[in-house]
Amino acid sequence: MAKLAFLGLGVMGFPMAGYLAKNGHEVTVYNRTRAKADAWVAKYGGKAADTPKAAAQGAAIVFSCVGDDPDVRAVTVGANGAFDGMAAGSIYVDHTTASANIARDLFAVAAKKGIRFIDAPVSGGQAGAENGTLTVMCGGEAAPFEIAKPVIAHYAKAVTLLGPPGSGQLTKMVNQICIAGLLQGLSEAINFGLKAGLDMKQVLEVIGKGAAQSWQMDNRGKTMIEDKFEFGFAVDWMRKDLRISLEEAKKSGAPLPVTEVINGYYGEVQKMGGGRWDTSSLIRRFRKA
Ligand SMILES: NC(=O)c1ccc[n+]([C@@H]2O[C@H](COP(=O)([O-])OP(=O)(O)OC[C@H]3O[C@@H](n4cnc5c(N)ncnc54)[C@H](OP(=O)(O)O)[C@@H]3O)[C@@H](O)[C@H]2O)c1
């Protein structure tokens, strides 16, 4: 059993860190808002620290799951950041969905201190974190990955190394580009069917057995028809992910014409007050009037 630290106890981090404690590891947590760290300790045991640095001291692996690039920077190399508390040879695993650039930067900064950095964004949403069934996409070096993999597996059904630093983040971008297109297609199709007077629940049951089937159709189709949008991954987060993807596309020269348009549609959903609605709320644009 290892000494571990977990930074960021949000919707995702709280249950993920919980799985580490439930599997017998000695876990110290840090959360910017202390009350969440205290609530975590009350539920799972372990210790809470006042800074990322204090949490990271003595840990074999430090995990984080915060918001965006500046937040990852703050908890790693900011004042009292984790890197200052970590020993040479220890491993840092970042589960935040962030840019590939920050993953590469932090890999280099960490390497100078002998710390081994792995970018490891996740897919599977709040339910995946709570059920311990996330998909984890990693970038970095093989040796630390092999050490971290069985520990990450406490909250994941798949943990895969996809290439050098940044590869985990790039894979997550591919995932988000796919999801944006799928949800816009589903929104147009469901709206089209409803306007045509079809029983769309029955329609999805039928076509869900054919080539149009998707996870989004199976899991969100019914709730989209019912105009319900409180099922996990929020539009505000999706806009961050699409921004990161579009920035990366500009650098690599890969055109993302449809993703760019859908990003604008998500902007409209935010203006409708839907920043915290789940990502299937794209269909709401057709229900404005
Ligand atoms: N929610 C999902 O379904 C989902 C799915 C896949 C991936 N993700 C990704 O996972 C990450 C976390 O998502 P979440 O849903 O868990 O978010 P969340 O509930 O908003 O939690 C964010 C966590 O990060 C901490 N944090 C943010 N900025 C910080 C800073 N500058 N310094 C220190 N701590 C900071 C927050 O601390 P406070 O408590 O003080 O605010 C909180 O613990 C995001 O990158 C998101 O895109 C989320």
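Each reported figure results from applying straightforward, stated rules to the coordinates on display, with no laboratory input. Owing to the predicted nature of the structure, the values given are computational and were not obtained by experimental measurement. Methodologically, a virtual Cβ is constructed for each residue, glycine included, from the backbone with ideal geometry; neighbour enumeration extends over all protein chains shown.
Using only Cα atoms, figure out Rg for the range 211-289 and give it as a multiple of 2.2 N^0.38 Å.
Here the Cα radius of gyration is 1.16 times the empirical estimate.
How would you rank 150-158, 32-40, highest first, on the average number of other Cβ atoms within 10 Å across their residues?
On the way: 150-158: 18.4, 32-40: 15.4.
The densest-packed peptide leads the list: 150-158, 32-40.
Comparing 62, 235, 174, which has the greatest mean-square fluctuation in the GNM of the chain with Cα pairs linked when under 10 Å apart?
Answer for the Gaussian network model of the chain: 174.
Over all directions, average the projected area of the Cα convex hull of the range 8-77 and note it in nm².
Projected area, direction-averaged: 4.3 nm².
Considering only Cα-Cα distances, which of the following residue pairs are longer than 26 Å: 22/228; 3/240; 3/36?
Long pairs (Cα-Cα over 26 Å): 22/228; 3/240.
Taking R0 as 25 Å, what FRET efficiency do you get between residue 236 and residue 77 from their Cβ-Cβ distance, rounded to the nearest 0.05?
0.50
Could you run the Karplus curve 6.51 cos²θ - 1.76 cosθ + 1.60 with θ = phi - 60° over the range 124-141 and give me ³J(HN,Hα) per residue in whole Hz, x for Gly and Pro?
So the J values, rounded to whole Hz, are x, x, 4, 5, x, 5, 5, 8, x, 10, 6, 9, 10, 10, 10, x, x, 9.
Full extension from residue 43 to residue 142: what is 0.36 nm times the residue separation minus their Cα-Cα distance, to one decimal in nm?
Numbers: separation 99, 0.36 × 99 = 35.64 nm, distance 3.39 nm.
Working it through step by step, the gained length comes to 32.2 nm.
Suppose every Lys and Arg Cβ carries +1 and every Asp and Glu Cβ carries -1, with no other charges. What dipole size does the chain come out with about its Cα centre, to the nearest 20 debye?
Taking the Cα centre of the chain as origin, the dipole is about 240 debye.
Run the reach check for residue 271 against aspartates and glutamates, Cα to Cα strictly under 19 Å, same-chain hits fewer than 8 apart removed. What comes back?
227, 230, 236, 241, 260
What is the extension gain from residue 32 to residue 199, computed as 0.36 nm multiplied by their sequence separation minus the C-alpha to C-alpha distance, in nm to one decimal? Mind showing how you got there, number by number?
On the way: separation 167, 0.36 × 167 = 60.12 nm, distance 4.77 nm.
That pair, residue 32 and residue 199, stretches by 55.3 nm at full extension.
Using a 10 angstrom cutoff on alpha carbons, build the Gaussian network for the chain and name the most mobile of 186, 256, 161.
Checking each option, the largest mean-square fluctuation is seen for 256.
Quick one: if you stick a label point 7 Å off each Cα along the C-beta vector at residue 285 and residue 111, how many nm between them?
About 4.1 nm, to one decimal.
Under the classification rounded if a/c is under 1.5, otherwise prolate if a/b is larger than b/c and oblate if not, where does the range 43-161 fall, given a ≥ b ≥ c as square roots of the Cα gyration tensor eigenvalues?
Values: a/c = 1.43, a/b = 1.23, b/c = 1.16.
Since a/c stays below 1.5, the shape of the range 43-161 is classed as rounded.
If the elastic network links every pair of Cα atoms under 10 Å, which of 126, 169, 202 fluctuates the most in the Gaussian network model of the chain?
202
Lysine pairs in the range 107-198 8 or more apart or on different chains: how many have alpha carbons under 25 angstrom apart?
5
Treat each spin label as a single point 7 Å out from the Cα along the C-beta direction, and report the residue 226 to residue 211 distance in nm.
Modelled inter-label distance: 3.1 nm.
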